[in-house]
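A quick write-up on the structure given underneath.
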Amino acid sequence: MEVGFAEEFSLHEPSRGPGDQPHPLQIIRIESSGSMKDSTVTPYVEGISNDGNFGNTQVKYLFPQEAWLPITESRNGNVFSAVVHLLSSGIGLQALLLPVAFATLGWSWGIISLSLAFAWQLYTIWLLVQLAESVPGARYSRYLLLAISAFGPKLGKLFAIFPVMYLSGGSCVMLIITAGGNMETLYKIMCGGGDRCEANSLSGAMWFLVFTCMAILVAQLPNLNSITKISVIGAVTAVVYCTLIWVLPITKGRPSGVSYSPAEMGKSDMAKFGNIFNAIGIIVLAFRGHNLVLEIQGTLPSNQKQKSSEPMWKGVTISYLIIAMCLFPLAIAGFWAYGNKVPINGGLLTAFLQVHGPKTPRYVMGIIYLLALINNLTSFQIYAMPVFDNLEFRYIMKKKKRCPWWVRSGLRLFFGGLAFLIAVAFPFLGSLAALIGGITLPLTYVYPCFMYISIKPRPNGTMWWLNFGLGCLGSILSVMLVVAALWNLATKHLNANFFRP
């Protein structure tokens with residue numbers, strides 16, 4: 001076999017002929033039993049072993065430096081850890097807006113659209129799980145690396161860097177904004193309301209700062225596997241508060257004047273187009289976390305007898321069954337209870353507070369907002385992990401050594417401060433969610449299809465045409481969502497309250 005040395009953790013594809021299939025990173029999986037603290041270069045091995053058999057070789061690191069990075073520092077995960085990570089990252093506040101989409105699309109098209117989106121995104125997760133170890137000897141534990149392998153260094157970075165970084169760092173910013181509002185509402189609920197509570201309440205920026213400090217304190221856990229217990233709390237709180245949000249309105253009955261007829265579309269065809277595609281956008285963007293699937297799979301062990309795809313797919317099946325049991329009742333029961341009265345800001349949480357809040361015991365309302373706040377805190381940890389991983393990667397490539405604990409803490413403190421600053425500067429970021437969501441939608445619905453075609457090309461096969469069709473349809477949908485979001489921003493205007501959270 002041929003041995004070489006790579007100075008960087010990079011993805012340079014070996015040369016191949018025009019008709020050859022891509023074979024990115026034909027690298028043997030190596031288990032390093034010794035210390036790598038003094039390593040300054042990265043060994044890699046091309047080809048296969050002399051006997052052509054790896055046996056039970058434990059798959060740990062594509063490069064030894066992976067042992068130093070937060071995502072792949074520990075590969076001792078299991079099906080349970082995958083389930084709780086997927087639940088913590090897969091159930092978000094976007095789900096509370098599903099009845100808003102139903103108000104525009106109506107019962108039939110709302111349920112059909114939600115079912116199709118669920119099936120589509122579940123299929124693309126399956127593609128990502130299979131592609132993680134689709135190339136012999138290579139293991140892709142980060143979405144960006146898989147995109148670079150499939151599309152090449154230039155196109156891969158062009159297509160994937162912004163969606164991956166926004167869905168990680170941008171989600172953390174949105175969590176700060178949302179959690180700040182939840183903390184303020186929780187304070188007012190427990191205080192009892194009134195002028196005295198308003199006078200003693202913190203400012204919006206101060207609520208943001210309190211949450212950011214808590215989030216960064218918890219973020220000192222070293223790697224993705226180490227936050228499994230945090231994700232357990234996040235998964236439980238997400239399921240419980242989602243269940244409470246749709247069960248309580250049913251038990252309390254519908255308010256008077258609820259209408260289920262589709263919302264007024266506007267007089268112009270463009271207004272109808274904008275409303276319909278914004279509703280579709282709410283549905284397709286309710287499913288999130290695809291930017292973390294490969295990272296979660298990267299925490300699982302793998303060998304020649306059992307690849308990581310097997311336990312990962314079991315985890316996906318269990319978690320998305322639970323997610324479906326949360327999201328479908330939220331959409332259907334939420335629309336049944338409130339109809340067209342669900343506001344776009346806050347969704348079901350705000351609707352319940354406004355309609356049933358006065359007749360609901362204070363402690364029940366407090367529990368709901370406390371659960372939502374805890375879920376915000378736990379979700380921050382898993383969405384921030386790719387950012388932490390990227391920051392430490394830059395340090396490792398420059399210093400050629402593992403991040404000391406004080407550097408790791410400093411990098412995470414830096415990210416927390418940056419996210420807090422962006423949240424204070426752009427507290428209206430939620431108003432741009434439809435626009436940015438349309439831009440990042442290909443990461444969930446499009447790129448996995450085209451990556452499968454690129455890495456496993458079988459022209460004229462059923463899978464080839466299926467992925468090609470879904471990829472093209474997703475691209476068209478992304479463009480439509482961006483156009484619809486721009487139209488709504490132009491007609492309804494944007495309340496850009498810079499530095500006034």
Correct choice for Cα extents along the principal axes in Å that was computed from the model, options (1) 66, 56, 50; (2) 77, 53, 38; (3) 86, 54, 46: (2)
Ordering of 109-118, 86-95 by burial proxy (mean other Cβ atoms within 10 Å per residue, highest first): 86-95, 109-118
Cα-projected label distance for S261 with K400, points at 7 Å along beta-carbon direction, nm: 7.4
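In debye, nearest 20, what is the charge dipole magnitude of the chain about its Cα centre with +1 on Lys and Arg Cβ and -1 on Asp and Glu Cβ, if you could check?
Details: 35 positive and 21 negative charges, 147 e Å.
In total the dipole reaches around 700 debye.
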Intensity falloff of the range 110-265 expressed as log10 I(q)/I(0), Debye formula with alpha-carbon point scatterers, at q = 0.10 Å⁻¹: -0.67
Estimated inter-spin distance, Y123 and K305, nm [label 7 Å along Cα→Cβ]: 3.5
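Would you kindly state how much longer the chain becomes between I318 and L486 on full extension, computed as 0.36 nm times their sequence separation minus their alpha carbon distance, in nm to one decimal?
Values: separation 168, 0.36 × 168 = 60.48 nm, distance 3.73 nm.
In short, 56.8 nm is gained.
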Residues of the range 86-118 with amide N under 19 Å of the 7 Å Cα→Cβ point at K252: 96-100
Partnerless Cys - the chain, beta-carbon criterion under 4.7 Å: C172, C213, C403, C449, C472
Sequence-distant residues sharing a close amide H with S302 (under 5 Å, placed H): V59
Estimated vicinal HN-Hα couplings, Hz - the range 396-410 in sequence order (Karplus 6.51, -1.76, 1.60; Gly, Pro = x): 5, 5, 7, 9, 6, 7, 5, 5, x, 4, 6, 5, 4, 5, x
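Relative to the present Cα-Cα distance, how much length would full extension add between N495 and C191 at 0.36 nm per residue of separation?
On the way: separation 304, 0.36 × 304 = 109.44 nm, distance 2.94 nm.
So the chain would gain 106.5 nm between N495 and C191.
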At R0 = 22 Å, FRET efficiency that the Cβ-Cβ distance of W464 and M270 yields, to 0.05: 0.05
Rg/Rg_ref, the range 361-403, where Rg_ref = 2.2 N^0.38 Å and atoms are Cα: 1.95
Net charge of neighbours whose Cβ lies under 15 Å from the Cβ of F468, counting Lys and Arg as +1 and Asp and Glu as -1: +2
Per-residue ³J(HN,Hα) for the range 116-128, Karplus 6.51 cos²θ - 1.76 cosθ + 1.60, θ = phi - 60°, Hz, x for Gly and Pro: 5, 5, 4, 5, 5, 5, 5, 5, 5, 5, 4, 4, 4
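Taking only DSSP H segments of four or more residues, each worth -39500 (n - 2.57), what value at 222 nm results for the chain once the sum is divided by all its residues, to the nearest 500 deg cm²/dmol? Each step should come with its number before you reach the end.
Values: 17 runs with 307 residues, N = 501.
Mean residue ellipticity at 222 nm (helix-derived): -21000 deg cm²/dmol.
Bear in mind that the values in this text are calculations on the coordinates, not laboratory data. Predicted model only: the values in this text are computed from it and were never measured. FYI the Cβ positions are ideal-geometry reconstructions off the backbone, even for glycines, and counts take in every protein chain you see.
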